[in-house]
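Engineer: A single structure is presented below for examination.
The values are calculated or read from the model by the stated rules, or taken from the named source; none is laboratory data. Here the structure is a predicted model, which means the values were calculated and not measured. Cβ atoms come from the backbone with ideal geometry, glycine included; neighbour counts cover every protein chain shown.
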């Protein structure tokens, strides 16, 4: 479960990591009142996505009236598919330097992995590898002082700043262990007035360990569309492309996305219809894809437990009740394949047998041929 920034910073503060003063607000009036105590301040949208600043989700205010104004602009906005319902009013920091630090799980090594860089404030994926320090932690010993100091030195830090960063690294590992985290990240970790402060924070907690953290509120992660499909009982992730996708099985869905991208297409989503979804949830999922208004829809089914005729009936149901106003490409292979193909043919829908052929056709119909 991903935590909002204000919750993550609350956890960091509880473990002794310095964070700026902040107040959670849900209305412009609450923001104006907060600015009476915290001024100047950053007004930050509380949504579970990165890049909030570039998307207009972080604005600065010098006084209560300006705070009320920028809060009115942020609250209710659609930020990368999420509706902003609350903001965090946080004391503005005069940034002198920015670093990146995190602790996550290296599943290949089966050990906690510390990542640190003297280049903070940007996505770690955008930082050249030579500027990233990676060190595994032996769980039997934890984050010892010598390891934290080594990491700070490898980052090129010296003197009191190095000491502060090393201390924060030890506390960050403590957060990782005691909070059952999959990821704890500070980006940027900043120097301001000679003090090192966590200017932003991410904390993802292992869902299997949530029973040990009953004090945490339940955070419903996902865009409105993702939460809607979750209620149907299917796995769905919204992406940035414009070819809507439905496949059965996570592996098949991933292969479908790869196939579309191979032919120059851009998937609009990941949708795993599951191994045995019946007609009704499949039809509901199809309806969601139509509502996304993509350039094309690609349904890729390899029927095992899933029956091709059930998928065909779901497609026909959506076509008759909601309509499918965009090009539709269907690939059906497996259980009750002939019945499914015949059902679609009666409605004027062609079904392909080869995934590559179908994927290439979907890209062509979406007008994305390279």
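Engineer: Counting just the residues of the stretch 145-171 that are touching a strand residue (DSSP E or B) at 6+ places or on another chain (Cβ under 7 Å) and part of a helix (DSSP H, G or I), which one comes out nearest to residue 97 (Cα to Cα)?
Structural biologist: 161
Engineer: Can you find a residue that is touching a residue at least 12 places away in the same chain (Cβ under 8 Å), under 20 Å from residue 206 (Cα atoms) and either outside any strand (DSSP E or B) or touching a helix residue (DSSP H, G or I) at 6+ places or on another chain (Cβ under 6 Å) (or both) anywhere in the stretch 117-135?
Structural biologist: Scanning the stretch 117-135, I find no residue that is touching a residue at least 12 places away in the same chain (Cβ under 8 Å), under 20 Å from residue 206 (Cα atoms) and either outside any strand (DSSP E or B) or touching a helix residue (DSSP H, G or I) at 6+ places or on another chain (Cβ under 6 Å) (or both), so the answer is no.
Engineer: Quick one: count up the residues across the stretch 222-253 that are over 17 Å from the mean Cα position of the chain (by Cα) and surrounded by fewer than 16 Cβ atoms within 10 Å (Cβ to Cβ).
Structural biologist: Final tally of qualifying residues: 4.
Engineer: For the stretch 55-115, which strands (runs of 3 or more DSSP E) that fit wholly inside it have 3 or more residues that are touching a strand residue (DSSP E or B) at 6+ places or on another chain (Cβ under 7 Å) and surrounded by fewer than 17 Cβ atoms within 10 Å (Cβ to Cβ)?
Structural biologist: Working: elements: 58-61, 87-91, 97-106.
By residue number, 97-106.
Engineer: Something else about it: Any residue in the stretch 350-357 that is in the same structural domain as residue 260 (by TED's automatic domain parsing), within 23 Å of residue 260 (Cα to Cα) and at pLDDT below 90? Show your work before the answer.
Structural biologist: Going residue by residue through the stretch 350-357, those that are in the same structural domain as residue 260 (by TED's automatic domain parsing) are 350-357.
After this cut, where a residue has to be within 23 Å of residue 260 (Cα to Cα) as well, the list is 350-357.
Next, only the ones that are at pLDDT below 90 stay: 350.
Yes.
Engineer: In this structure, is residue 174 closer than 21 Å to residue 144 by Cα, in contact (Cβ under 8 Å) with a residue 12 or more places away in the chain, in contact with a helix residue (DSSP H, G or I) (Cβ under 9 Å, 6 or more places away or on another chain) and surrounded by 15 or more Cβ atoms within 10 Å (Cβ to Cβ)?
Structural biologist: When the stated conditions are applied, residue 174 does not pass them.
Engineer: Would you check if there is a residue in the stretch 316-333 being farther than 25 Å from residue 364 by Cβ and either surrounded by fewer than 16 Cβ atoms within 10 Å (Cβ to Cβ) or outside the structural domain of residue 360 (by TED's automatic domain parsing) (or both)? Before you say what the answer is, go through the steps one by one.
Structural biologist: Within the stretch 316-333, the subset farther than 25 Å from residue 364 by Cβ is 317, 320-321.
Checking which are either surrounded by fewer than 16 Cβ atoms within 10 Å (Cβ to Cβ) or outside the structural domain of residue 360 (by TED's automatic domain parsing) (or both) leaves us with 320-321.
Checking the stretch 316-333: at least one residue is farther than 25 Å from residue 364 by Cβ and either surrounded by fewer than 16 Cβ atoms within 10 Å (Cβ to Cβ) or outside the structural domain of residue 360 (by TED's automatic domain parsing) (or both).
Engineer: Can you tell me which residue among 49, 70, 95, 19 is touching a helix residue (DSSP H, G or I) at 6+ places or on another chain (Cβ under 6 Å) and at negative phi?
Structural biologist: It is 19.
Engineer: Restricting attention to the stretch 292-305, and to residues there that are over 17 Å from residue 354 (Cα atoms) and surrounded by fewer than 23 Cβ atoms within 10 Å (Cβ to Cβ), which single residue is modelled with the lowest pLDDT? Before the answer, list the steps.
Structural biologist: Taking the stretch 292-305 first, the residues over 17 Å from residue 354 (Cα atoms) are 292-296, 305.
Applying the additional criterion that residues be surrounded by fewer than 23 Cβ atoms within 10 Å (Cβ to Cβ) yields 292-295, 305.
Values: 292: 88, 293: 90, 294: 94, 295: 94, 305: 78.
So the residue we want is 305.
Engineer: Here's another thing I want to ask about it. Taking the stretch 140-160 only, how many residues are exposed (fewer than 11 other Cβ atoms within 10 Å of the Cβ) and farther than 20 Å from residue 195 by Cβ?
Structural biologist: So the answer is 3.
Engineer: Could you count how many residues in the stretch 188-205 are surrounded by fewer than 18 Cβ atoms within 10 Å (Cβ to Cβ) and assigned to a strand (DSSP E or B)?
Structural biologist: Number of matching residues: 2.
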